[in-house]
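Sharing a structure here in structure tokens format.
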Amino acid sequence: MTKNIFFFYLDDKIQADAEMKTGAEIKALIKIAVPVFELQHELVQEGKGNDPDKLIADGDVVDLSEKHGGPKHFFSRPPTNFGM
């Protein structure tokens, strides 16, 4: 039996084929579902409750399972370089 693995990008529910995905793989799945998504933007995972949001680099591995509080939620933003 295949698990139903998914996450949200803004209001879009996006299916994944594995629980563990890199930031780049998540961005590629978002691009398929949301063609206007900009791949060069930064991917941010929304924090749960009082947890802070987390910047996800392309090489970071994210566990998309619902082990800790339900499906993951992401948004994106243009690259930032404050203080450079």
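Ignoring everything except DSSP H segments at least 4 long, calculate the 222 nm mean residue ellipticity for the chain; use -39,500 (n - 2.57) per segment, divide by total residues, nearest 500. Walk me through the numbers before you get to the answer.
On the way: 1 runs with 11 residues, N = 84.
After summing the helix terms and dividing by residue count, I get -4000 deg cm²/dmol.
Still on this structure, I have one more. Give the angle, between 0 and 90 degrees and rounded to the nearest 10, that separates the Cα long axis of helix 23-33 from the longest principal axis of the Cα atoms of the chain.
Taking the Cα atoms of the chain, the angle to 23-33 is about 80 degrees.
Calculated from the structure, mean projected area of the Cα convex hull in nm² equals which of (i) 7.2; (ii) 5.2; (iii) 6.3?
(iii)
Express in Å², to the nearest 10, the accessible area of I32 obtained by rolling a 1.4 Å probe over the protein heavy atoms while all chains stay in place.
Taking all protein chains as shown, I32 has close to 130 Å².
Evaluate the relative contact order of the chain (contact order divided by residue number), counting alpha-carbon pairs under 8 angstrom at least 6 apart; express in whole percent.
Relative contact order, the chain: 36 percent.
So if I place +1 on the C-beta of Lys and Arg and -1 on the C-beta of Asp and Glu, and nothing else carries charge, what would the dipole magnitude of the chain be about its Cα centre? I want it in debye, nearest 20.
Charge dipole, the chain, about its Cα centre: 100 debye, nearest 20.
What's the whole-number percent of alpha carbon pairs in region 40-84 lying beyond 14 angstrom?
When all Cα pairs of region 40-84 are counted, 56 percent exceed 14 Å.
Under 5 Å between amide H atoms, partner at least 5 residues away or on a different chain: which partners does T22 have, H built in plane at 1.01 Å?
Placed amide hydrogens put V62 under 5 Å from T22.
While we're on this one: Taking H placed 1.01 Å from N in the peptide plane, check which residues at least 5 places from K72 or on another chain put their amide H under 5 Å from its amide H.
Long-range HN contacts for K72: F8.
The values are calculated or read from the model by the stated rules, or taken from the named source; none is laboratory data. Keep in mind it's a predicted model, so treat the numbers as computed, not measured. Note that we place each Cβ from the backbone using ideal geometry, even for glycine, and neighbour counts take in every protein chain shown. Calculation scope for accessible area: heavy atoms of the full protein, side chains included, ligands and nucleic acids excluded. Shrake-Rupley method; radii C 1.70, N 1.55, O 1.52, S 1.80 Å.
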